[in-house]
Amino acid sequence: MNPARILPVIGVVLAALLVASLTVSSQEAEAEKTAVERGAYVVQAAGGCTCHMNPGLEAFSLSGGRPIKTPFGTIYGTNLTPDPDTGIGGWSDDDFMKAMREGIGPDGKVYYPVFPYTSFTKMTDQDVLDMKAYLDTLEPVNNANKEPEFGFPYSARSTISVWRGLHFDAERFEPDSEQTDDWNRGAYLSEALAHCGECHTPRTFMGATDEDMYYAGSVEGPEGELAPNITPDEATGVGSWSIPDMTWFLQTSFKPDGDDAQGLMGEIVTHGYQYLSDADLKAIAVYLASLEAIENEVTPP
Amino acid sequence: MTLRKLLIALVALLVLGIGFTFVEAQEDDDAPEIAYRQRLMKGHGASMGSIGDFLKYKLPYGSNHVAVHAKNISEYATLIPAAFEKKIADGKTDAKPEVWDNWDDFVAKANALNVAATELSAAAAGGDMRAMMPNVKALGDACRGCHNDYRKPEEERYPR
């Protein structure tokens, strides 16, 4: 066999071994935690799944009903509690996996990508199943899901099928063996769980994230909120933030100048990111700092 | 055009002109109060930023630094109600009109900030950085709790 052919094979084998060893060591450290505990952490890393909160209840509950305004219309967060009639009670593991990573419900209905399965598709089997184990322990609340209020053509679910054909690939996260463990963990957390790009990457007129503007900020975030540029551009992004600045921000919502994040970002820090380990928050910061700096001033339209 | 129509048009222009001048003059009159409020808020932020620097870099100056900055915030918080008492919702301000619609709640939130900052100051005196974190987060909740209700979100802020 010609050496030029063998070399890539050796590379792939080494990368696979590296990934396997990383997985084993993190599994050992995590072995003491139960699936439910790990799942609670996965939910926190996803920002607390606050789109699914129930605005009708005083206490925080993921039983849905929250209206979310998008440029295409208003959609309502669904019920994630194990209520058998209106929630995810009775869903099998496969049902949940398919919903999270393919965006298809147990009844075969395709989901609007406002639910970021475009990110969650990158999650590992273990994280998805742990998440379900945790959600299954929530207090069941009977609260029927509401249909989205989208105008035509977005109101037709067949439109989503066309969109999916163009913009959705069900693919798991692939670690990059050339990068550090921190970077890979940060990339996984940011892309698969925290789904940063769903708000911080601007969308094309088709509603797909514009990958040339990856994390460069959007003036049309959910609820009409501005999503700042989080690439390391000095003038328009977070290039002046150190790794500890970003870690501290995700932990407390305080920016380097002492101002706090309002709105949706403040909310997901409160219900999610603040609980992540120092190592995981640092990993996200390392990943963000490694991104291509894109100059994009995000100011109100 | 009849003379009458011309007159009406002139009067209308005059009234509009006065209106604009009045609004501008009003905004100018309010400028010192707005500037003072914004500096007071920046003062809170400067202290909070300093607490952040101390904790994220574990600076070796002794935890009295956090205690002093937190004490500053607690004292600044007592100045908020007087500084915001006059209703100024127009001009170069990001204060929402709701401040004056829900005045008692606004004052209660300023008091909550005072309490949260006082508690962080007390916790900092103990010197244990880890033990301070719940108080830092509670202080963040106090800032955000008021900002979410009474400060315009970024997309609605006046152009800088």
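Does A:VAL43 fit the bill of being β-branched (Val, Ile, Thr) and either outside the structural domain of A:ASP85 (by TED's automatic domain parsing) or at pLDDT below 60 (or both)? No. Scanning segment A:202-250 for residues that are under 15 Å from A:GLU295 (Cβ atoms), buried (at least 19 other Cβ atoms within 10 Å of the Cβ) and of a type in the set (Phe, Trp, Tyr) returns a single hit, A:TYR215. Going by the conditions given, is B:ASP141 within 10 Å of chain A (Cβ to nearest Cβ) and in a helix (DSSP H, G or I)? So B:ASP141 fits the description; yes. Check segment B:129-140 and report whether any residue there is among the β-branched types (Val, Ile, Thr) and surrounded by fewer than 15 Cβ atoms within 10 Å (Cβ to Cβ). Scanning segment B:129-140, I find no residue that is among the β-branched types (Val, Ile, Thr) and surrounded by fewer than 15 Cβ atoms within 10 Å (Cβ to Cβ), so the answer is no.
Would segment A:103-112 turn up any residue that is assigned to a helix (DSSP H, G or I), at negative phi and charged (D, E, K, R)?
No: segment A:103-112 contains no residue that is assigned to a helix (DSSP H, G or I), at negative phi and charged (D, E, K, R).
Would you call A:GLU139 modelled with pLDDT of 95 or more, closer than 24 Å to A:PRO222 by Cα, in the same structural domain as A:PRO55 (by TED's automatic domain parsing) and not aliphatic (A, V, I, L, M)? No: the conditions fail for A:GLU139. Kindly evaluate B:THR93 against the criterion of being more than 12 Å from chain A (Cβ to nearest Cβ), out of contact with any Leu (no Cβ under 7 Å at 6 or more places or on another chain), polar (S, T, N, Q) and in a helix (DSSP H, G or I). Here the answer is no, as B:THR93 does not meet what is asked. Against the list (1) assigned to a loop (DSSP other than H, G, I, E, B); (2) buried (at least 22 other Cβ atoms within 10 Å of the Cβ), the condition A:CYS199 fails is (1).
If you check B:TYR158, B:TYR150 for being touching a Gly at 6+ places or on another chain (Cβ under 8 Å) and closer than 24 Å to A:LEU226 by Cα, only one passes: B:TYR158. Inclusion of B:LEU40 among residues that are surrounded by 13 or more Cβ atoms within 10 Å (Cβ to Cβ), more than 14 Å from chain A (Cβ to nearest Cβ) and within 30 Å of B:ASP104 (Cβ to Cβ) is not warranted.
Would segment A:153-161 turn up any residue that is assigned to a helix (DSSP H, G or I), touching a Phe, Trp or Tyr at 6+ places or on another chain (Cβ under 9 Å), at pLDDT below 95 and among the polar types (S, T, N, Q)?
Yes, that holds for at least one residue.
Could you please tell me which pairs satisfy a Cβ distance under 6 Å, a separation of 6+ or placement on different chains, a first residue in segment A:193-209 that is β-branched (Val, Ile, Thr), and a second residue that is assigned to a loop (DSSP other than H, G, I, E, B)? Final answer for the pair search is A:THR201/A:TYR214; A:THR201/A:TYR215; A:THR204/A:ASP210; A:THR209/A:THR201. Screening A:PRO300 on (1) over 25 Å from B:MET129 (Cα atoms); (2) crowded, with 19+ Cβ neighbours inside 10 Å shows it passes everything except condition (2). Taken as a whole, the condition of being more than 14 Å from chain A (Cβ to nearest Cβ), modelled with pLDDT under 95 and out of contact with any helix residue (DSSP H, G or I) (no Cβ under 6 Å at 6 or more places or on another chain) applies to B:ILE18.
Examine segment A:162-170 for a residue that is touching a Phe, Trp or Tyr at 6+ places or on another chain (Cβ under 6 Å) and either of a type in the set (Phe, Trp, Tyr) or closer than 29 Å to A:GLY108 by Cβ (or both), and state whether such a residue exists. The answer is no, given that none of the residues of segment A:162-170 is touching a Phe, Trp or Tyr at 6+ places or on another chain (Cβ under 6 Å) and either of a type in the set (Phe, Trp, Tyr) or closer than 29 Å to A:GLY108 by Cβ (or both). Restricting to segment B:50-68, give me the number of residues that are among the hydroxyl-bearing types (Ser, Thr, Tyr), at the interface with chain A (Cβ under 9 Å from one of its Cβ atoms) and surrounded by 13 or more Cβ atoms within 10 Å (Cβ to Cβ). So the count comes out to 1.
Among the numbered conditions (1) within 12 Å of another protein chain (Cβ to nearest Cβ); (2) crowded, with 19+ Cβ neighbours inside 10 Å, the only one that B:ALA123 does not meet is (1). Given the criteria in the same structural domain as A:HIS200 (by TED's automatic domain parsing) and either crowded, with 18+ Cβ neighbours inside 10 Å or under 14 Å from A:HIS200 (Cβ atoms) (or both), does A:ASP260 qualify? The answer is yes for A:ASP260.
The values are calculated or read from the model by the stated rules, or taken from the named source; none is laboratory data. Because the structure is a prediction, the values reported are computed rather than measured. With ideal geometry, Cβ positions are generated from the backbone for all residues, glycine too; neighbour counts draw on all protein chains shown.
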